[in-house]
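Q: Before anything else, here's the structure in question.
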Amino acid sequence: MYLPKQFQIDDKTTIHRLIKENGFATLFSQHKVHPYATHLPLTINEDGNCLYGHLARANKQWTDIVEQEVLAVFQGPHCYISPSWYETDRAVPTWNYVAVHVYGKVEILEGTELMNTLRDLVLKYEDRKSSYKYDQVDVRFLEGMTKGIVGFKIKISSFGQEK
């Protein structure tokens, strides 16, 4: 992605906030030498050095993703900018947007670490007033449901244009 210097966000606190506020990302990797993308929620840990998520076990992306460098793209607010907004007729339309690109390597998660990431994800999005309480769900049921997913973490190596 071409990004003019004046529009780059270098402040890690701002980057982490944007990821937390716009947690639905697109995860890009290579699968059998072809580009592959999955849209999924990802969370960032408090230290800001790892992303966590999971893929459906039926999704082939996970089968060769371990130790691959991947790209997660978080899309924030965006809008069309009309030339009519300028005080000149020598303008063209453009698009304003906020996006964060995160690069890193993938590790598969299992057991307690996977269960903790699932809990964190639910607690992030489930309304506190909801009748659904993750901590009250039968642990054996949750463990059974994890057979249909593959948890992972991405150890962040860089953000955006740092590559």
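Q: Out of segment 1-95, which trypsin sites (Lys or Arg not before Pro) are coil in DSSP terms and have no more than 16 other C-beta atoms within 10 Å?
A: K32, R57, R90
Q: Where in the chain lies the longest segment free of GluC sites (Glu not before Pro) that are both loop residues by DSSP (not H, G, I, E, B) and have at most 14 other Cβ atoms within 10 Å?
A: In short, 1-45.
Q: Check each of the chymotrypsin sites (Phe, Trp or Tyr not before Pro) in segment 61-140 and keep only those in coil by DSSP with at most 10 other C-beta atoms within 10 angstrom; list them in order.
A: Y132
Q: Using unit Cβ charges (K, R positive; D, E negative) and no other charged atoms, how large, in debye to the nearest 20, is the dipole of segment 5-162 about its Cα centre?
A: So the magnitude is around 320 debye.
Q: I need C50, C79 ordered by Cβ neighbour count within 10 Å, fewest first.
A: Result, fewest neighbours first: C79, C50.
Q: Between (i) 14.7, 43; (ii) 18.6, 65; (iii) 16.9, 51, which matches Rg and Dmax of the Cα atoms in Å calculated for the structure shown?
A: The value computed from this structure is option (ii).
Q: Of the lysine pairs in segment 18-163, how many meet both conditions: Cα atoms under 19 Å apart, and a spacing of 8 or more in sequence or different chains?
A: Going through segment 18-163 pair by pair, I get 14.
Q: Let's see if you can work this out: charge +1 on each Lys and Arg Cβ, -1 on each Asp and Glu Cβ, no other charges. What is the dipole magnitude of segment 62-126 about its Cα centre, in debye to the nearest 20?
A: Dipole magnitude for segment 62-126 comes out near 300 debye.
Every number in this text was worked out from the coordinates using simple rules, so none of it is lab data. Everything numeric here is computed off the predicted structure, so don't read it as measured data. Every residue, glycine as well, gets a Cβ built from its backbone with ideal geometry; the counts of neighbours run over all protein chains shown.
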